[in-house]
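Down below is the structure, laid out as structure tokens.
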Amino acid sequence: MAEGDHTKSKGSLANTIDIARALAQGQTELRESYMARPATAPMLKGRARLVDDAVQQIWRGCDLPAEIALVAVGGYGRGELFPASDVDLLILLGEPENEALKTQLSELVSTLWDVGLDIGHSVRTVGECLSEAGQDVTVQTNLLESRFLIGNQDLYQSFVERFRAALDIKAFFKAKRLEQEQRYSRYNDTPFSLEPNCKESPGGLRDLQLLGWISRAAGYGLTWRDLVRRKLITPDEATDLRQIERFLQHVRIRLHYLTGRAEDRLLFDHQEKIARAMGFETAPGKRASEVFMQRYYVEAKKLTQISTILLQNYGAEIFPARAASAEIINDRFQCIRELLDIRHDQVFQEHPPALLECFLLLQQRSDLKGMTARTLRALWLNRKLITAAFRADPVNRATFLQLLRQRRGIIHEFRRMNQYGILSRYIPAWRRIVGQMQHDLFHVYTVDQHIMMVLRNLRRFTMSEHGHEYPLMTRLMLGFEEHWLLYVAALFHDIAKGRGGDHSKLGMVEASEFCKLHALSDDQHQLVVWLVEHHLTMSHFAQKEDTTNPEVVKRFAETVSDERRLTALYLLTHADIRGTSPKVWNGWKGKLLEDLYFATQRMLRGATAQQALGLDDRQEDARALLRYHGLRQGVEEAFWSKLDAVYFMRHSAEEIAWHTRLLYYRTESADPVVKVRVAENGEGLQVMVFTKDQKDLFVRVCSFFAKLGFTILDAKIHTTRHGYALDSFILQDPGKESHYRDISALIEHDLGARLAAQGPIDRPTKGRVSRQLKHFPITPHVRIRPDDSGRQYILSLTAADRPGLLFAVAEVLAKYGIGLQTAKIATLGDRVEDTFLLSGGGLSQDAQVLRVESEILERLIV
């Protein structure tokens, strides 16, 4: 290297270090200034200016050709940079780059990274920019917010003019709306997730940006006030949008500073710290994080409301239809371009019942696709006309019931009623659950949104297009008279959440009051109130009781008392569990509920205990399956003679046939037999273990499965009349990523070898606690009580889920010589609610029960 080049290199390096220091110092000062006096504009614009200065200095130091330009795009082009946002740059060329220029640009980008900038860059000619923008709306949006930084300004100006000329606002509007729909779908179409993304979720910053992009592209202006001048929004709406924007900007700035990275998710880990940092304090019965999140949901909801109105107004401007004559519907409403419109601005003031009537019209007329912007705006502004006097009006009560009885549009309109505050005005108790968080580790929605999901699930049972999803549910729902009563029960089943006390009992009061006010018949009233009271009962019996015990089924049948209640509760329970979280429902839970439903139905119809549990039918069905698989008549008798009635009650016909096919010719096997198959419902694995009974067998099996990382969903432990253990397990990989068929051979070989060797038991490693549990810990609960017969005992436990938990319980039971008959493992997010049927071990003595409970409790503490 020549001496001059060497000197230049040293100078360049020193300059780069100086720029990096200045950048770091400037960002530190911005942070300190923001923390001392939080203001979004100085922080966001200040960081953009800081980066401008650094980028321009580096550009000048690279001796780049004068014919090219450097352009800021995306959020950086807008002149706003969040603390950890990347810096989007466009290197704009007049002609395609040559090798020499490629080398120079590579050095430029490397230097930008060296000074500490997280760069996203592209190198394009003007023609390439226009071509890619025409094919990809994301690129087009990025370029829409371009800002000249340094270089050839004439080239940049030429690009801007050609870009503007090429932009098709109609195509852009359609593409951005479609993009929004896809984004909403990724977040389940709700801003009310318990851990929302403050940028991407519905009601997040991206919605504000979308409104700005369309306004910029259409030439409507760059500020909310510009939109007021064009009469696209009202002054109040512009004020709301600016307040929402500032709030969400504060949230995102705090998140970036707290995590030190571009983190936009309001995870439980961050909510309390963000709340405190933003000045939120605890309220009676609520943490600061809950107060903060309710504010977040209010702002997100308000944004989605205004966004709906503004996007509709944009559409009317961008697609000016030929003057469409209004179709008069009645004195209050008309139809304009497939949208329901109020005939004048004072409709709701002059006739308040129209506040409910408009939703009924949308349900009844399939030609109506929504409401006009002015109708939505008037709806929101006049919601407070729904007063006690309004609720007492028989006309309004009748209209509300009609909304629940319609053949279409129930979910859409109830969601719209919730969105615009109508539902919380009509049912005052609803106000308390809007945005109410649920820290139980398995609900992923706020209370009001969970109820909407349950309502949706029930509604889908009536729709032929969803009949393939849960055929039995659809058949039962279509055969259930007045199924709208289930919708009423759904609206009230969790309405008393967050008040303290038993929300089922408190909800009964609210439901009863509603039924009285709306003049439901005695039978209708009693069914709704009973469903609200017992909406958790069937789930409890199915997942926590031994439903192969006739006494348990009899007790449940006495609770429901008749088939109509049974069917109603089954439908509501199914919809409720599926409405908590996409991850909570699985086929195993579905099978438990279904088995309990049919056993109870048979008992209510007068069947004996054996008939109710289907024992005779089960054996005949198992024989039919054996014949189907080619086994001769009577081949099963020798094996079945070694099994008692309890075995046949606890296993399905399919399981009995499977066991028989595998074991009828080796009932005295000296070696353990381990067989694995994909579970009947296709979710997880079913493992059969047949071996001479041995000490600590269940502990060994639990240890083996824990080390593989599997969760045991169900365990049926049986000892044959000739002293063999015949145990069956349902396993699931918590990540649901295992290739079950591939691992089956491994389990069969390795578990069989472990059981044959009877060596020392391997203790599984203690698993990590999930991040949710760190913030919402679960206090373990253990209880042992006699069953209905008094001969066996039920162990119920609630605890935080973790790998190896079942092994810890099994080890304690083995230590005290307690026999395990069945185990039901109910995993609800990060919470487990397990039930075990036990025998022996001196459990008839209170002191022994206390010792066992205490030791299990010690093992459960995370």
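What's the ranking of 502-514, 103-115, 665-677 by average number of surrounding C-beta atoms within 10 Å, highest first? It would help to have the intermediate numbers written out before the result.
Working: 502-514: 18.2, 103-115: 16.5, 665-677: 14.9.
Going from most to least packed, we get 502-514, 103-115, 665-677.
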Quick query: amide H of ILE119 versus all other amide H atoms, modeled in the peptide plane; which residues come in under 5 Å with a sequence gap of 5 or more or a different chain?
VAL87
Rounded to one decimal in nm, the spacing of the 7 Å Cα→Cβ label points at HIS540 and SER652 is 2.7
Within the range 62-77, backbone nitrogen closer than 19 Å to the virtual label 7 Å beyond the Cα of ARG147 toward Cβ
69-77
So, with +1 on the Cβ of K and R and -1 on the Cβ of D and E, and no other charges, what is the size of the charge dipole of the range 544-676 about its Cα centre, to the nearest 20 debye?
360
Mean Cβ-within-10 Å packing, highest first, puts peptides 275-282, 803-810 in the order 803-810, 275-282
Using only Cα atoms, find the angle between the long axis of helix 805-815 and the longest principal axis of the chain, and express it within 0 to 90 degrees, rounded to the nearest 10.
30
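Could you work out the helix-only [θ] at 222 nm for the chain, with each DSSP H run of four or more residues adding -39,500 (n - 2.57) and the total divided by the number of residues, to the nearest 500 deg cm²/dmol? The partial results should precede the final answer.
Numbers: 39 runs with 479 residues, N = 862.
One gets -17500 deg cm²/dmol as the mean residue ellipticity at 222 nm.
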Each label sits 7 Å from Cα toward the beta-carbon; between GLN135 and GLN526 the label points are separated, in nm, by 7.0
Find how much the distance from ASN188 to THR28 grows on full extension, using 0.36 nm per residue of separation minus their present alpha carbon separation; answer in nm with one decimal.
53.8 nm
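Computed FRET efficiency, Cβ-Cβ of GLN56 and ARG374, R0 60 Å: what is it to the nearest 0.05?
Details: r = 48 Å, r/R0 = 0.80.
It comes to 0.80.
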The answer for THR719, listing residues at least 5 apart or on another chain whose modeled amide H is closer than 5 Å to its amide H, is LEU726
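Among the listed pairs LYS174/LYS231; LYS505/LYS716; LYS273/LYS497; LYS301/LYS583; LYS176/LYS384; LYS199/LYS591, which have their C-alpha atoms separated by more than 30 angstrom in this model?
In this structure, LYS505/LYS716; LYS176/LYS384; LYS199/LYS591 exceed 30 Å between Cα atoms.
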Dipole magnitude of the chain, debye to nearest 20 (Cβ charges: Lys/Arg +1, Asp/Glu -1, about Cα centre):
1520
Zone of SER669's modelled label, taken as backbone nitrogen in the range 678-701 under 20 Å from a point 7 Å along Cα→Cβ:
678-680, 685-701
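Note down the relative contact order for the chain as a percent, whole number, built from C-alpha pairs under 8 angstrom at least six residues apart.
Working: 1213 pairs, mean separation 57.3, N = 862.
In percent, rounded to a whole number, it is 7.
Report the FRET efficiency, 1/(1 + (r/R0)^6), for ALA609 and GLU200, where r is their Cβ-Cβ distance and R0 is 41 Å, rounded to 0.05. The partial results should precede the final answer.
On the way: r = 55 Å, r/R0 = 1.34.
Step by step, r from the Cβ atoms, then E = 0.15.
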With r as the distance between the Cβ atoms of ARG261 and GLU181 and R0 = 41 Å, compute the FRET efficiency 1/(1 + (r/R0)^6) and round to 0.05.
0.90
Provide the packing ranking of 552-562, 621-631, i.e. peptides ordered by the mean count of other C-beta atoms within 10 Å per residue, highest first.
552-562, 621-631
Ignoring ligands, DNA and RNA, what accessible area per residue does the chain give at 1.4 Å, in Å²?
44
If you roll a 1.4 angstrom probe over the protein chains with everything in place, what fraction of the accessible area of the range 335-464 belongs to carbon and sulfur, to the nearest %?
50
For the range 533-544, just list the computed ³J(HN,Hα) in residue order, Karplus coefficients 6.51, -1.76 and 1.60, θ = phi - 60°, integers in Hz, with x standing in for Gly and Pro.
5, 10, 5, 9, 5, 5, 4, 4, 4, 5, 9, 10
Span from the the range 255-281 Cα centroid across to the the range 456-486 one, whole angstrom
42
Read-out mean projected area of the Cα convex hull in nm², candidates (1) 48.0; (2) 44.0; (3) 45.8; calculated match is (3)
Helix 447-460 against the longest principal axis of the chain: what's the angle in degrees, Cα atoms only, rounded to the nearest 10?
70
Give the residue from LEU267, GLN294, TRP224 lying farthest towards the positive end of the charge dipole for the range 215-318; charges sit on Cβ (+1 for Lys and Arg, -1 for Asp and Glu) and the dipole is referred to the Cα centre.
TRP224
At the level of C-alpha centres, the distance separating the range 134-150 and the range 596-623, in angstrom, is 68
Dipole of the range 640-730 (Lys/Arg Cβ +1, Asp/Glu Cβ -1, origin at the Cα centre): which of GLY709, GLN686, PHE698 lies farthest to the positive side?
PHE698
Phi angles of the range 350-358, converted by Karplus (6.51 cos²θ - 1.76 cosθ + 1.60, θ = phi - 60°) into ³J(HN,Hα) in whole Hz with x for Gly and Pro, give 6, 9, x, x, 5, 4, 9, 4, 4
In degrees, nearest 10, range 0 to 90: what is the angle between the Cα axis of helix 3-36 and the longest Cα principal axis of the chain?
70
For ALA496, list long-range residues whose amide hydrogen, built 1.01 Å from N in the peptide plane, is under 5 Å from its own amide hydrogen.
GLY507
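The values are calculated or read from the model by the stated rules, or taken from the named source; none is laboratory data. In this text, all values refer to a predicted model and were calculated from it rather than measured experimentally. Cβ sites come from the backbone with ideal geometry, for glycine too, and all protein chains shown count toward neighbours. SASA here: full protein model, heavy atoms, side chains in, ligands and nucleic acids out. Shrake-Rupley method; radii C 1.70, N 1.55, O 1.52, S 1.80 Å.
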